[in-house]
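Working notes, structure below.
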Amino acid sequence: MIDKLSEIEKSALESLALANDASSLDAWRIAQLGRSSPLMQVFSGFGTLSKEERPIVGQAANKVKVALEAALAEKTEAVKAAALAKSLEEEQLDVTLPGRTEHIGRLHPSTQQLRRVLDILAEMGFQVYTSREVETDDVNFQLLNFPPHHPAREMQDSLYIETEGREENPILMRTHTSPGQIHAMREYAKMNPENPPSIRIALPGMCFRAEQITARSEVQFNQVEGLAVGEGITFSDLKGTLTDFARRMFGQNARTRFRASYFPFTEPSAEMDIECFVCGGKGCQVCKNSGWLEILGCGMVHPNVLQNGGYDPKRYTGFAFGMGPERQLMLRSKMNDIRYFWGNDVRFLEQF
Ligand code: DAH
């Protein structure tokens with residue numbers, strides 16, 4: 001019997017050596033350790049043995065059982081390790097490959113610049129007042145003191161939306177943010193018609209013109225308009241405010257100058273230049289050798305405009321200014337083509 005047991009053990013271990021995957025290991029377990037395996041048959045044949053033989057054979061059979069179970073456990077581990085090594089080999093991971101970067105959204109460069117302008121104006125006490133993009137001719141032009149045959153009113157400059165039956169007052173896309181001055185003054189004046197409150201507002205937003213699209217002109221662009229109305233406001237306040245704005249926007253050493261100009265809605269009118277930050281005033285391509293860059297239009301609010309807004313020009317004065325965030329950004333980053341702004345090319349947008 002003892003010989004038979006060592007025979008069973010030997011042949012079981014030999015066949016275990018041939019099992020090299022999970023399913024053949026399972027089959028081996030059933031064949032060698034299952035109910036009808038030769039080893040289990042020894043156990044169930046105990047009844048036929050003599051009293052003296054039983055403990056000896058029992059011990060030997062148990063030893064074989066423990067040995068086979070240990071061999072199975074060891075082989076199972078080895079098979080698992082081999083399978084892992086094989087899959088690592090086959091499914092090679094190249095950890096040196098660069099990862100896929102995520103595209104993180106950001107504000108459009110125009111919006112960024114618009115907000116910079118509004119932040120600075122807010123620090124200086126100007127509140128944002130948003131006004132409509134679709135306007136009527138009277139607010140966009142007439143109430144802003146545009147003479148009846150001013151060239152800016154002609155069809156090629158304005159994008160008209162509705163003209164039929166309203167030849168006197170067609171509907172158009174605003175060509176500038178200045179009509180917001182009229183809306184704002186009227187709303188403020190309504191609060192207290194006898195004593196309208198003073199005003200200090202910034203009017204941001206998109207403007208539209210029927211322009212040929214070229215490197216220098218677009219059909220749409222942003223403007224930020226400023227308006228201050230009150231008693232005793234003078235041209236010195238205008239100069240001081242805008243000089244301070246330029247320093248906050250372009251740096252403490254930014255030099256500015258005012259040039260006389262003309263706008264229908266201001267009198268006197270001016271344009272403000274800053275010293276060219278590309279060449280430091282020496283003259284270059286960006287400033288067309290003048291040493292100066294024009295950055296905004298401004299002036300004292302025309303008495304007719306104050307009147308149209310509900311403010312008595314005998315008592316109130318005010319100043320206004322208008323500037324273009326896209327133009328500022330173009331100067332600042334030496335861009336030579338305005339069409340990049342609405343071209344939606346990510347390579348451009350990502351630079352800001
Ligand atoms: N509305 C003018 C334009 O679109 C810009 C402007 C100039 C606005 C002078 C003003 C101003 O308020 O005072 O060209």
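Check whether at least one residue in the range 237-250 is more than 16 Å from the ligand (Cβ to nearest atom), outside any helix (DSSP H, G or I) and modelled with pLDDT of 95 or more, and report yes or no. Within the range 237-250, not a single residue is more than 16 Å from the ligand (Cβ to nearest atom), outside any helix (DSSP H, G or I) and modelled with pLDDT of 95 or more.
Exactly one residue out of GLU194, GLU218 is under 24 Å from ASN308 (Cα atoms) and part of a loop (DSSP other than H, G, I, E, B): that is GLU194.
For GLU225, the test of being open to solvent by less than 10 Å² (accessible area, probe 1.4 Å), acidic (Asp, Glu), in contact (Cβ under 8 Å) with a residue 40 or more places away in the chain and under 27 Å from LEU107 (Cα atoms) is passed. Tallying residues that are part of a loop (DSSP other than H, G, I, E, B), at pLDDT below 90 and not acidic (Asp, Glu) within the range 143-162 yields 6. Does GLY205 satisfy being within 27 Å of PRO268 (Cα to Cα) and in contact with an Asp or Glu (Cβ under 8 Å, 6 or more places away or on another chain)? Considered against the rule, which asks whether it is within 27 Å of PRO268 (Cα to Cα) and in contact with an Asp or Glu (Cβ under 8 Å, 6 or more places away or on another chain), GLY205 comes out as yes. Considering the range 280-352, the qualifying helices (runs of 4 or more DSSP H), each wholly inside and each with 2 or more residues that are within 15 Å of the ligand (Cβ to nearest atom) and open to solvent by less than 50 Å² (accessible area, probe 1.4 Å), run over 303-308, 325-332. Scanning the range 202-232 for residues that are charged (D, E, K, R) and within 11 Å of the ligand (Cβ to nearest atom), which turns out nearest to ILE338 (Cα to Cα)? Going through the qualifying residues, I end up with ARG209.
Has the range 234-253 got at least one residue that is open to solvent by 20 Å² or more (accessible area, probe 1.4 Å), of a type in the set (Asp, Glu) and closer than 22 Å to ARG115 by Cα? For the range 234-253, residues open to solvent by 20 Å² or more (accessible area, probe 1.4 Å), of a type in the set (Asp, Glu) and closer than 22 Å to ARG115 by Cα: present. Taking the condition among the polar types (S, T, N, Q), within 14 Å of PHE319 (Cα to Cα) and open to solvent by less than 40 Å² (accessible area, probe 1.4 Å), does THR175 pass? Judged against the criteria, THR175 is not a match.
Evaluating VAL128 against the criteria (1) within 30 Å of ARG247 (Cβ to Cβ); (2) away from the ligand (no atom under 16 Å from the Cβ); (3) under 30 Å from the mean Cα position of the chain (by Cα); (4) open to solvent by 40 Å² or more (accessible area, probe 1.4 Å) leaves one unmet condition, (2).
In the set ILE199, ILE182, only one residue is of a type in the set (A, V, I, L, M), surrounded by 13 or more Cβ atoms within 10 Å (Cβ to Cβ), within 12 Å of the ligand (Cβ to nearest atom) and within 13 Å of GLY309 (Cα to Cα); that residue is ILE182. Scanning the range 1-42 for residues that are charged (D, E, K, R) and within 60 Å of the chain's Cα centre (by Cα) yields a count of 2.
The values are calculated or read from the model by the stated rules, or taken from the named source; none is laboratory data. Quick caveat, the model's predicted, so the values are computed rather than measured. Backbone-built Cβ (ideal geometry, glycine too); neighbour counts: all protein chains shown. Heavy atoms of the whole protein, side chains included, go into the accessibility calculation; ligands, DNA and RNA do not. Shrake-Rupley method; radii C 1.70, N 1.55, O 1.52, S 1.80 Å.
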